[in-house]
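Data block below; observations after.
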Amino acid sequence: MRLDAVIFGGGVAGLWLLDRLARQGCHAVLLEAGELGAGQTVAAQGIIHGGLKYTLQGLLTPSAKSIRGMPALWRAALLGHATPNLTRTHIRSDCCYLWQTDSLSSRAGMIGAKIGLQIKPETLGLDDRPEALRHVPGTVAKLAEQVICPRSFLADLAEQYQDRLLKIDIKNGLRFRLHSPGEISAVELTDPGSGRELVLSPRQVVFTAGAGNVALRKLAKLDDAVMQRRPLQMVLVRGELPILNGHCVDGAKTRVTITCDVDARGRMVWQIGGQLAEDGVAMSPQALTQRAAQELQAVLPGVNFDHTEWSTYQVDRAEGSTNQGSRPETVQVLCAGNVTTGWPTKMALAPVLANEIASRITAEASSAPFQSTAWADWPRPNVALLPWEDPHRQWWPQPKSTHQAPPQRRAA
Ligand SMILES: Cc1cc2nc3c(=O)[nH]c(=O)nc-3n(C[C@H](O)[C@H](O)[C@H](O)COP(=O)(O)OP(=O)(O)OC[C@H]3O[C@@H](n4cnc5c(N)ncnc54)[C@H](O)[C@@H]3O)c2cc1C
């Protein structure tokens with residue numbers, strides 16, 4: 001089967017690219033090894049960043065420049081005014097809040113945050129604050145950064161492109177026919193269930209498989225020491241909690257980032273990242289939730305965590321390597337032979353990555369309309385579950401420290 005492109009990996013990067021290629025008339029399919037978005041996308045907080053986090057030190061950094069157009073672009077897609085059509089993607093919130101602790105460095109952060117962005121924080125009066133931020137002593141601002149449910153985004157695009165998504169078994173059902181390293185002439189697939197074989201002959205092959213890009217590059221005989229992982233341990237809290245989406249900033253750091261959703265049984269779930277999740281990597285889940293409870297009490301005075309349940313999950317951010325292992329400023333793309341490897345760095349930057357990769361792929365196998373009959377009965381991938389919907393997840397009662405008097409604030 002002649003194709004213009006075969007994409008490996010159906011997270012935000014692969015699915016956005018598939019939409020882009022299909023719309024430019026390319027004969028393209030996406031191969032998924034597990035569940036769509038497993039890895040990072042389904043575990044993400046879903047904030048369509050506009051770069052504020054990257055200006056907290058008061059400079060318009062390259063990261064902030066690269067991401068500042070994204071909120072408008074996503075907003076148009078979510079409204080159905082631009083592609084991809086994301087009108088079935090659930091919007092958790094139309095804005096984020098930004099609040100500060102009462103330290104000096106925190107105040108400096110809020111000033112820095114106003115520089116050079118298309119979306120600037122709008123300071124709120126006491127009456128306009130959301131319930132969760134009523135008792136915060138410092139400034140509270142509103143930021144027009146939307147928060148989406150990543151799983152509904154994955155499901156939205158999976159439904160639109162069902163006939164182009166194939167589930168593959170990378171251990172027992174995937175081989176590359178190589179002309180030379182990085183020059184793939186055919187992708188040979190076996191469905192272990194039925195024993196059926198399928199040979200795809202793409203002009204271009206794209207790896208957008210997150211952490212899975214390393215194994216794919218190895219199979220294509222390309223350098224596999226090109227990726228870095230930055231681990232996180234995220235905290236989950238569920239129970240009777242107020243709605244809250246936003247960041248508590250302290251100087252140039254995001255002390256916590258909180259997003260929320262309602263689970264399948266109607267309970268409010270908070271997903272907590274930021275510096276807490278970076279520091280949490282070295283802690284046991286119980287120790288981390290204890291620390292999280294103290295941190296939340298310090299940054300959200302007045303919020304009641306009685307009768308809540310807590311959990312954590314570990315996840316690595318997978319990105320193209322940088323010299324010091326720091327976060328890349330923007331998307332990362334590597335090209336060799338007919339293989340392109342890409343990491344978006346942020347979910348919000350998926351459109352930038354898709355543009356960059358799609359500009360190298362033309363619709364040539366496409367003299368006839370796209371036909372999916374050759375793989376009509378092939379297994380299809382499911383969409384990964386949100387971390388709090390995992391039936392095997394352990395939850396424990398609120399850590400004791402939430403009952404105690406608020407701990408002393410950290411030094412500025
Ligand atoms: C906890 C957390 C919170 C985040 N919050 C945000 C946020 O709020 N906003 C934001 O902009 N960014 C956020 N990010 C970053 C964002 O999630 C990632 O940059 C983005 O999801 C990466 O997408 P991806 O498609 O490259 O990879 P992934 O989402 O990891 O998807 C990779 C896909 O490839 C599949 N796969 C793996 N190996 C293979 C293989 N060999 N063959 C075929 N398929 C394979 C996987 O099953 C998966 O479906 C967050 C990241 C984390 C970890």
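Values quoted throughout were computed directly from the atomic coordinates according to the rules given, and no laboratory measurement underlies them. Computed from a predicted model, the values in this text were never measured in an experiment. Positions of Cβ are backbone-derived with ideal geometry, glycine not excepted, and every protein chain shown enters the neighbour counts.
Given all pairs of different Cα atoms, what value in angstroms does the Kirkwood hydrodynamic radius of the chain take? Display every interim value, and only then the final one.
Details: mean 1/r = 0.0448 Å⁻¹.
Answer for the chain: a Kirkwood hydrodynamic radius of 22.3 Å.
Distance between Cα centroids, the range 27-97 to the range 220-278: provide it in whole Å.
Result: 15 Å between the Cα centres.
Identify, among His49, His27, Thr330, the residue whose Cα sits farthest towards the positive end of the charge dipole of the chain, taking +1 on the Cβ of Lys and Arg and -1 on the Cβ of Asp and Glu, with the dipole about the Cα centre.
It is Thr330.
For Arg164, what is the net charge nearby, where nearby means another residue's Cβ is under 14 Å from its Cβ and Lys, Arg count +1, Asp, Glu -1?
Details: positive: Arg20, Arg23, Lys167, Arg380; negative: Asp4, Asp19, Glu32, Glu159, Asp163.
That works out to -1.
Compute the separation of the alpha-carbon centres of the range 369-395 and the range 296-339 and state it in Å as a whole number.
23 Å
Can you give the local net charge around Gly50? Use residues other than it whose beta-carbon is closer than 10 angstrom to its beta-carbon, Lys and Arg +1, Asp and Glu -1. Mind showing how you got there, number by number?
On the way: positive: Lys53, Arg68, Lys120; negative: Glu145.
Residues near Gly50 contribute +2 overall.
Grab every C-alpha pair in the range 215-320, bin the distances at 5 angstrom width from 0 up to the longest one, and report whole percents.
Histogram of Cα-Cα distances, whole percents per bin: 2, 11, 20, 21, 16, 10, 6, 6, 4, 2, 1, 0.
For the range 1-101, what percent of Cα pairs sit more than 17 Å apart?
Values: 3266 of 5050 pairs.
Percentage above 17 Å: 65.
By the gyration tensor of its Cα atoms, with a ≥ b ≥ c the square roots of the eigenvalues, what is the shape of the range 172-214: rounded for a/c under 1.5, prolate for a/b over b/c, or oblate? Don't jump to the answer; show the numbers that get you there.
Numbers: a/c = 2.23, a/b = 1.31, b/c = 1.71.
Cα axes put the range 172-214 in the oblate bin.
What is the dipole size for the chain, taken about its Cα centre, with +1 at each Lys and Arg Cβ and -1 at each Asp and Glu Cβ, in debye to the nearest 20?
On the way: 43 positive and 38 negative charges, 144 e Å.
Its charge dipole is roughly 700 debye.
In which sequence would Tyr313, Tyr97 go, from the one with the fewest C-beta neighbours within 10 Å to the one with the most? All intermediate terms of the calculation are to be shown ahead of the outcome.
Details: Tyr313 17, Tyr97 23.
By the 10 Å Cβ count, ascending, the order reads Tyr313, Tyr97.
Please list 3J(HN,Hα) in residue order for the range 191-200, calculated via the Karplus relation 6.51 cos²θ - 1.76 cosθ + 1.60 where θ = phi - 60°; whole Hz, with x for glycine and proline.
Using θ = phi - 60°, the values come out as 8, x, x, 9, x, 5, 10, 9, 10, 10 Hz.
Compute the relative contact order of the chain as a whole-number percentage, counting only Cα pairs closer than 8 Å that sit 6 or more residues apart in sequence.
This gives 24 percent for the chain.
Only helical DSSP H runs with n ≥ 4 go in: add -39500 (n - 2.57) per run for the chain, normalise by residue count and round the 222 nm mean residue ellipticity to 500 deg cm²/dmol. Show your work: numbers first, answer last.
Values: 9 runs with 84 residues, N = 412.
Per the formula, -6000 deg cm²/dmol.
Report the longest stretch of the chain that contains none of the trypsin sites (Lys or Arg not before Pro) sitting in a DSSP loop with at most 15 other Cβ atoms within 10 Å. Please list the in-between numbers first.
Working: sites that count: Arg88, Lys114, Arg134, Lys171, Arg196, Arg265, Arg267, Arg360, Arg393, Arg409, Arg410.
Maximal segment without exposed cleavage sites: 268-359.
Please give me the summed charge of the neighbours of Trp395: other residues whose Cβ is under 10 Å from its Cβ, Lys and Arg +1, Asp and Glu -1.
Values: positive: Arg238, Arg393; negative: Glu309.
That works out to +1.
Principal axis extents for the range 111-193, Cα atoms only, whole Å, descending order, please.
63, 31, 23
Can you tell me, using C-alpha contacts under 8 Å and at least 6 residues apart, the relative contact order of the range 136-228 as a whole percent?
Values: 84 pairs, mean separation 16.8, N = 93.
Worked out over the range 136-228, it gives 18 percent.
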